[in-house]
1. Please list, in order along segment 184-200, the HN-Hα scalar couplings obtained from phi with the Karplus expression 6.51 cos²θ - 1.76 cosθ + 1.60 (θ = phi - 60°), rounded to whole Hz, x for Gly and Pro.
2. If I model a spin label as a point 7 Å beyond the Cα along the Cα-Cβ vector, how far apart are those points for residue 132 and residue 42 in nm?
3. For segment 137-210, just say rounded, prolate or oblate: build the C-alpha gyration tensor, square-root its eigenvalues into a ≥ b ≥ c, call rounded for a/c under 1.5, and beyond that prolate if a/b exceeds b/c, oblate if not.
4. At q = 0.10 Å⁻¹, work out log10 I(q)/I(0) for the chain with the Debye formula, treating every Cα as an identical point scatterer and leaving solvent out; two decimals please.
5. Relative to the present Cα-Cα distance, how much length would full extension add between residue 56 and residue 12 at 0.36 nm per residue of separation?
6. Calculate one ³J(HN,Hα) per residue across segment 111-124 by plugging θ = phi - 60° into the Karplus curve 6.51 cos²θ - 1.76 cosθ + 1.60, and present them in order as whole Hz with x for glycine and proline.
7. Can you pull the one-decimal nm distance between simple spin-label points at residue 34 and residue 98, each 7 Å off the Cα toward Cβ?
8. Given only helices, namely DSSP H runs of n ≥ 4 each adding -39500 (n - 2.57), what is the per-residue ellipticity at 222 nm of the chain, to the nearest 500 deg cm²/dmol?
Amino acid sequence: MSHPASEPGYADRLRTRGLRLVWATIIWNAFEVFITIGLGIAAGSIALIAFGTDSIVEVFASLVVVWHSRDLLVMEETDRTRRSIILIALAFGLLAIVLAIGAVFRFIEGTVPDESPLGIAYLAVTALVMLVLAVLKQRAGRELGSEPLQAEAHITYLDAALATSVLLSLVLNATLDWWWADPLAAFAIAVIALREGIEHWEEAREMTRA
């Protein structure tokens, strides 16, 4: 029995599916920016605003992946790949700085955010959607042998984890009045973004040495 990957046209269908998944993620995150930042401003929740801001960087990172390798081919130009990774690293680094400063100021001010039932509901749906998209993209990337698609899937896993983290902070604030969970979640996003930025920067340096 032949493996599906050896069937005529299978790789093309898989490549098309991968690109559709990437674009589905970009579209969802684009709407997510406006929804979560809007809900965050309305509720005075820096965690929701931070999550929306992070989505901007994730949209940028996904677009860089599409620009870098529109057809998700295995063969890539080293210089182009390195530039793509540097852009993503700088974006994550900038995001980490902005979110950390915002979280520190919110801790100092001690501002109590309002409850956000809509934010809780939206984040629950987002966490599930991002997890499903991440699994599907990782599977397609592995079958294609596409590093760009697998890297993009990793970012989507991060989005699902962050959505869960912010969701938890909103629930704790709504049920236990733990106001500090809100800026703490924003600071956690900043730390994760910084780690992502450093990892991408080191990856770019390794490519330069090679």
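What follows is calculated from the coordinates using simple rules that are stated; it is not laboratory data. The shown structure was predicted, so the numbers you read here are calculated from the model rather than taken from an experiment. Every residue, glycine as well, gets a Cβ built from its backbone with ideal geometry; the counts of neighbours run over all protein chains shown.
1. Karplus values, whole Hz, x for Gly and Pro: 5, 5, 5, 5, 5, 4, 4, 5, 5, 5, 5, 4, 4, x, 5, 4, 5.
2. Here the answer is 2.4 nm between the modelled labels.
3. oblate
4. The Debye formula, applied to the Cα set alone, gives -0.46.
5. 12.9 nm
6. Result, rounded to whole Hz: 5, 8, x, 6, 5, 9, x, 5, x, 4, 5, 5, 5, 5.
7. In this crude label model, residue 34 to residue 98 measures out at 1.8 nm.
8. Helix contribution divided over all residues of the chain: -30000 deg cm²/dmol.
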